[in-house]
1. State whether one or more residues within segment 161-171 are away from the ligand (no atom under 11 Å from the Cβ), more than 24 Å from Asp89 (Cβ to Cβ) and of a type in the set (A, V, I, L, M).
2. Of all strands (runs of 3 or more DSSP E) completely enclosed by segment 169-269, which ones contain at least 1 residues that are at pLDDT 95 or above and closer than 30 Å to Met19 by Cα?
3. Return the residues of segment 149-168 that are in contact (Cβ under 8 Å) with a residue 24 or more places away in the chain and either part of a strand (DSSP E or B) or within 25 Å of Asp35 (Cβ to Cβ) (or both); say none if nothing qualifies.
4. In segment 227-269, which residue that is of a type in the set (A, V, I, L, M, F, W, C) and exposed (fewer than 10 other Cβ atoms within 10 Å of the Cβ) is nearest to the ligand (Cβ to nearest atom)?
5. Might you check whether a residue that is surrounded by fewer than 17 Cβ atoms within 10 Å (Cβ to Cβ) and among the charged types (D, E, K, R) occurs anywhere in segment 151-159?
6. Applying the selection to segment 42-54, what residues are farther than 21 Å from Met203 by Cβ and assigned to a loop (DSSP other than H, G, I, E, B)?
Amino acid sequence: MKIAVCVKQVPDSWAEKKMAGGVLDRAGVDAVLNDLDEYAIEAALALVEANSPTGATGEGSGHSITLISMGPERASESIRKGLSMGADDAILITDPALGGSDSLATSLVLAQVLSAGGYDLIFCGTESTDARMSVIPAMLAERLQISQLTFAGAVSVDTTSATAKISRVTDSGIEEMSAAFPAVISVIEKINEPRYPSFKGIMAAKKKIIESKSLSDIGLSTSDVGSDAALSSVEDAQARPPRSAGIKLVDEGNAGTALAEFLAEKRVI
Ligand SMILES: Cc1cc2nc3c(=O)[nH]c(=O)nc-3n(C[C@H](O)[C@H](O)[C@H](O)COP(=O)(O)OP(=O)(O)OC[C@H]3O[C@@H](n4cnc5c(N)ncnc54)[C@H](O)[C@@H]3O)c2cc1C
């Protein structure tokens with residue numbers, strides 16, 4: 001199997017964030033690999049291990065895992081973490097013109113690279129922890145005209161029939177679905193427990209190749225991406241007001257009534 005995993009570098013969830021020029025100021029905050037993409041990497045690694053004659057990933061497994069990311073140069077730091085978990089190599093699409101790109105442009109760029117790579121399976125997280133739109137996997141499937149198996153809580157493959165199977169939990173029960181390769185699979189965080197990179201993995205990752213591609217390398221022009229091509233724009237943003245002190249109820253025999261009245265006033269009950 002030739003597997004791609006889409007990974008995004010995002011601002012650290014705990015970092016204080018601010019807007020600059022209608023977009024999130026990403027340059028001034030610590031950046032990390034999107035948490036939810038670690039589950040996608042783990043799912044790909046586990047799938048290769050389960051279908052490898054050696055029981056391991058990498059050379060000799062007969063399969064490959066490539067990380068694909070669109071982001072600034074420094075996204076290579078986050079990619080390196082995915083490589084240290086066990087992915088084989090990576091492609092980073094980076095170009096100054098990409099700043100301000102919306103989800104349509106992001107999916108266009110990723111689809112362009114994925115289409116050229118001829119991957120059997122494309123793994124994604126369910127959402128990024130910064131923009132949280134949860135739209136890229138579906139957009140990729142649509143752009144590539146391939147099947148999408150989204151919100152997977154379990155994944156397996158039959159390499160003989162070149163079919164992927166997932167199950168997902170919905171309000172109405174557990175759904176099982178399958179699709180022939182190639183397919184896009186997005187995974188939820190309950191699917192697995194991402195492995196910690198081992199010391200050996202971290203050392204090996206230093207030698208793994210991150211191929212950097214510009215917009216022209218992938219056959220797109222600056223007018224296809226960036227804030228000028230974005231169909232949405234942020235007109236205004238206000239900082240969240242500081243938290244006010246809460247109300248403390250001291251029980252003098254009437255706290256239950258006071259609590260119920262408070263909740264009723266807030267229309268909670
Ligand atoms: C007007 C506007 C301006 C914006 N400007 C910027 C900007 O300057 N910089 C910026 O970073 N964002 C910017 N964004 C946000 C950006 O468009 C979204 O981050 C992007 O569309 C992906 O959406 P998402 O993060 O919600 O992905 P989701 O759909 O929530 O992500 C699902 C999965 O898709 C994959 N994925 C998502 N994004 C990437 C990626 N870049 N590379 C690889 N895999 C990915 C991951 O597997 C992820 O788990 C802007 C948005 C708008 C509307």
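The values are calculated or read from the model by the stated rules, or taken from the named source; none is laboratory data. Every value quoted in this text rests on a predicted model; they were computed, and no experiment measured them. Don't worry about glycine lacking a Cβ; one is built from the backbone with ideal geometry, like all the others, and counts go over all protein chains shown.
1. Step one: of segment 161-171, the residues away from the ligand (no atom under 11 Å from the Cβ) are 161-171.
Narrowing the set further to residues that are more than 24 Å from Asp89 (Cβ to Cβ) leaves 161, 163, 165-171.
Then keep just the ones that are of a type in the set (A, V, I, L, M); that gives 166, 169.
Yes.
2. Those strands (runs of 3 or more DSSP E) span 183-187, 210-213.
3. Initially, segment 149-168 is screened for residues in contact (Cβ under 8 Å) with a residue 24 or more places away in the chain, giving 149-157, 159, 162, 164.
Leu149, Thr150, Phe151, Ala152, Gly153, Ala154, Val155, Ser156, Val157, Ala164 - these are the residues of segment 149-168 that are in contact (Cβ under 8 Å) with a residue 24 or more places away in the chain and either part of a strand (DSSP E or B) or within 25 Å of Asp35 (Cβ to Cβ) (or both).
4. Of segment 227-269, the ones of a type in the set (A, V, I, L, M, F, W, C) are 229-231, 234, 237, 239, 245, 247, 249-250, 255, 258-260, 262-264, 268-269.
Among the residues that remain, those that are also exposed (fewer than 10 other Cβ atoms within 10 Å of the Cβ) are: 231, 239, 245, 247, 250, 268.
Numbers: Leu231: 8, Ala239: 19, Ala245: 34, Ile247: 36, Val250: 44, Val268: 30 Å.
Selected residue: Leu231.
5. yes
6. Asn51, Ser52, Pro53
Listed here are the residues, each with its yes/no results for (1) of a type outside the set (Lys, Arg); (2) crowded, with 17+ Cβ neighbours inside 10 Å; (3) more than 10 Å from the ligand (Cβ to nearest atom); (4) within 20 Å of Thr150 (Cβ to Cβ).
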residue	(1), (2), (3), (4)
Asp12	yes, no, yes, no
Ala15	yes, no, yes, no
Val23	yes, no, no, no
Asp30	yes, no, yes, no
Tyr39	yes, yes, no, yes
Leu47	yes, yes, yes, yes
Gly55	yes, no, yes, no
Glu59	yes, no, yes, no
